[in-house]
1. Of the residues A:W65, A:W21, only one is more than 10 Å from chain B (Cβ to nearest Cβ), of a type in the set (F, W, Y) and without any contact (Cβ under 8 Å) to a residue 12 or more places away in the chain; which?
2. Would you please name the residue that is modelled with the highest pLDDT, looking only at residues in segment B:798-839 that are more than 23 Å from B:E892 (Cβ to Cβ) and among the polar types (S, T, N, Q)?
3. Give me the pairs, please: first residue somewhere in segment B:837-859 and under 18 Å from B:I537 (Cβ atoms) and exposed (fewer than 14 other Cβ atoms within 10 Å of the Cβ), second residue anywhere and polar (S, T, N, Q) and at pLDDT below 90, beta-carbon distance under 8 Å, and either six or more positions apart or on two chains.
4. What number of residues within segment A:68-83 satisfy the criterion of being within 14 Å of chain B (Cβ to nearest Cβ) and surrounded by 12 or more Cβ atoms within 10 Å (Cβ to Cβ)?
5. Which ranges mark the helices (runs of 4 or more DSSP H) fully within segment B:10-72 that have 3 or more residues being at the interface with another protein chain (Cβ under 8 Å from one of its Cβ atoms) and among the charged types (D, E, K, R)?
6. Looking at B:N102, is it modelled with pLDDT under 85, part of a helix (DSSP H, G or I), over 30 Å from B:C787 (Cα atoms) and more than 10 Å from every other protein chain (Cβ to nearest Cβ)?
7. Mind checking which residues of segment B:345-365 are at pLDDT 85 or above and either surrounded by fewer than 19 Cβ atoms within 10 Å (Cβ to Cβ) or in contact with a strand residue (DSSP E or B) (Cβ under 6 Å, 6 or more places away or on another chain) (or both)?
8. Can you pull out every residue in segment A:35-48 that is more than 12 Å from A:I2 (Cβ to Cβ) and within 10 Å of chain B (Cβ to nearest Cβ)?
Amino acid sequence: MISKSLVAASSKPLILTILSWGENYGYEIIQKVGELSGGVLDWSDGMLYPVLYKLEKDGLVQSRWEIEEGSRPRKYYSITKKGKEELAQEKAQWINVNEVLQTVWNMKPTVS
Amino acid sequence: MASIEKNIEKWKKTLKRNPSFEESDIMEMESHFRSLIEKYMEEGFNEKDAFDKAVQQFGEIEKVGEDVYKVRTPKLVGKPSWQESKWIPSLIRNYFKTLGRNISRNKFYTTLNLSGLTIGIATCLLIILFIKDEVSYDRFHEKADRIHRVTLKYEVGSQTHWAAIGPPVAKGLKDAIPEIEETVRMYPIGGNFHIFGYENNRYKATKGVYTDSSFFDVFSYPLKHGVPETALIEPGSVVLSEEMAQAIFGSENPIGKDIHMTDWGNIYFTVTGVLEKMPTNTHFPFNYLVSMSTFYEVTSGPNWNPDNSLTWAGMYEYVLLDEGVNPGQVEAKLPDFIDQFFARLADGETKPSSMATMYLQPLTDIHLYSDLEKEYKTNSDMRYVYIFSIIAVFVLLIACANFINLTTARASNRMREIGIRKTLGAGRKQLAFQFLGESILLSLISFVLAYALTVFLLPYLNEITGKQFTFEFTSDPVLILSFLGIALFSGIISGIYPSIYMSGFSPVKVLKGITPNSSNNAFLRKGLVVFQFAISIFLIIGTLIVYNQLNFLRTEQMGFDKEGVINIPIFGDFEEIVYENPESIKQELQRNPNILNVSISGDYPGKRFSVESVRLDGQTEDEETSVRIADEGIDYDYIPTMGISLSEGRNFSKMAPTDTNAWIINEAAVKKLGLENPVGKILHWGSYSGPIVGISEDFNYMSLHTEVEALVMPLTPDWGDYLFVRTTAGKTSEVLEFLETRIGELAPSNIFEYSFLSDEFDQLYRSEDQMSSVFWYFSLVAILIACLGLFGLSTFIIDQRTKEIGVRKILGASTKSILVLVSKSFIKLIAVAFILSVPIVYLIMNEWLSSFAYKAEIGIWMFILAGISILLISLATIGFQAMKSAISKPVEALKSE
């Protein structure tokens, strides 16, 4: 299990990444998260929406409704330019953190 | 399929009920939810399980809603407004808002309410401080609960109960009773003051006390300098108060330095200690301590040793009991102790223990409960504590009555609010709590204001009472709690009735504008006004009676003339000169035309003469009668100087050689000794024996609390503590000037001291004086608060009757008739209050007056004066508003809505 705060922190880059591959809607996004993380990131589906609304409010994603006869109405989200910039920054940060941790963990403790 | 749709609808409802979600959110989530169910059904779950799994997978709606709210709200922290917070009951914000609105819309009534409560609570705070101080006496001693004063009551004769006992008793007790850990004796140094000299400094020291070296073991007086164990052992050791050390030595360390008492045989003392600043709340205040061994050295002689004086009621003696010892246990041993210790006084037939009882008086009880013969100083009285507490409660109740009256009278202004709250589902209980909460909150605000007011008034109170009251809030949780208790109490008392009354309104009626039937309410209001004014009238009449009695005491014919007599204490160099040749000093002074008489004598009327036993010729010592005696006797000029009239016989005369051992006695003494034709009878007092030459009228040499007691006055022409000078009327200041110069010439190193006999005599009524001024202040406060309430109530009622008054004026009513109309109902109430309070005040004050042997009658005029003044005050209060409405143009009144 991954801790709650880490899940919350990673949700933003994760969703932005999925949307950077193309427009998508809530259910599919959550399915992708599930598949990609192999079940490690265990979200309750409902919690996706506050995150999406927040991204939309901050102008990182935008949305449109697709309502067609005979099929379920869906709200599609897509990443904005600002969203892409934000994603790039997030990515750099996560990589940095990752590298630091890697380095630290690979070091042999030396006793002086 | 139908059932799953129903379940989905149900699930959707939880979304719809949540104010966080917008319509589109719900649509989006429903779509998601349906996809989830579909997926689970594809995985092979049945409808029911698929639905359940989807619900679980989607998660808690409430939590999702909260997060969505957080995303959308401009507020950065907190919970959605519709969610109940964990500790604040719902609607509380609304209550505050309503209260704030009510306050700001009714500034006038709120001010009245708050000022009444504030004054009431402040009065209570001051009284609590006073009471706290009264009950704190002598409790600062760490061993206070184990310290007892030994007192002795003679069971025969006058049955006098003495606060002081013979010098050897303390040691005897310690030797005889193992439960007594330690004893200490205190003996006040005679004279009003003594002069101490150090280098060129002269210091007038008052309140010196001889005491044993065990003093510091028993009492908790920390020393700033010096060693407590040894400070009071050697003869000639003196321990000074901080102030005294500062005044004599300045910043020098006084330990080991010598000071000398210049006015009394030039005795040298060595300073062995300086006390830390001492608490004032003790029954035994003093400024310096002298070792008891000094007293023994100074007084012991071949004929007299203090330790032989078993029956001399001279010293205040205290015992420190072992820890855990019950005082009753020790007291039980005292009769046996008396039998052994006083054995040599017994005649063999009667046991000493049947003639005297010894008591242990708890140290902490002395200040409030002790009124024995020869107290160190006049103590306070527990009755004052009770009276003050009752007054405090009354003043607070008057303030609460204001609150109740104004709130219930104005309840109709809140009918709409009550109606709406009830319609929206507020229960009676909830409303009652709201209103009660409001009154408690207002009383807490008053409490804060009262606190500020008290802090502001405290210096003045300290000045009046001569005490050092402080607010030590932080260090005294009991004080904080009792103050908060008062605030809560007054809030609840004022709020409970209005809240029950107002919460009982029927919503339908009040929203239709039907005023609830309020005859009960009006009755209560009238009752409260009556209550307030009854207390105010009570206090006014009480004040008048106390004042009248005190005035009576001051002006009553005392049997002597206390006006125009100057008392000059004889001490120091002056003492030596006076004793060298008293007659020539008297003659010298009498040469001044404004000086009528000069007398050198022991005590002046107003001081407590001591009690001694005298016997008639032919009587044995068993048949002695105890009478009061002018301690150091009087001289040839005492009777004319004091203006005492003789009813029989004559004054002492220098022409009659036998007068050197003669007596003048008062009429009461004639009666007590059972004499007929008293003049010429021989009277014995120890070795002083001689004929009675004159009978004085019963002049009041003690306070008028008591009837004049038997008094005998021996002649001691060359001895006395005071020089009494009678002046011609209106020439006092000239005489004082003359005396100061003349005595200054005779005894240049002396400080000129004097007092007026009338002032000294007034001292006897100090506690009554204080009570009178306290009564007076409280009457003012009570009337003030009651009038605030009356003002508010009359304003409100006149407001309500504006239209009626307008119509009446149009129909021709005069200003006067309007005034009468408006005032009439209040005047009736005040009349009822007057009728109720008169008998009560009469009974209570009569009881108080009965403590005086001589009393001024309670006159009808007092009641009339009180009645008229309260009537005028209340008319002025009502009249302001009444007049405004009476002279206003009717058009204005009718236009008003």
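1. Being more than 10 Å from chain B (Cβ to nearest Cβ), of a type in the set (F, W, Y) and without any contact (Cβ under 8 Å) to a residue 12 or more places away in the chain holds for just one of A:W65, A:W21, which is A:W21.
2. Filtering segment B:798-839 for residues that are more than 23 Å from B:E892 (Cβ to Cβ) and among the polar types (S, T, N, Q), the one modelled with the highest pLDDT comes out as B:S837.
3. B:G859/B:N548
4. Residues meeting the conditions: 6.
5. Here the list reads B:23-42, B:61-72.
6. In short, no.
7. Passing the criteria: B:A356, B:T357, B:M358, B:Y359, B:L360, B:Q361, B:P362, B:L363, B:D365.
8. Within segment A:35-48, A:S44, A:D45, A:G46, A:M47, A:L48 meet the criteria.
The values are calculated or read from the model by the stated rules, or taken from the named source; none is laboratory data. Being a predicted model, the structure only gives us computed values, none of them experimental. Every residue, glycine as well, gets a Cβ built from its backbone with ideal geometry; the counts of neighbours run over all protein chains shown.
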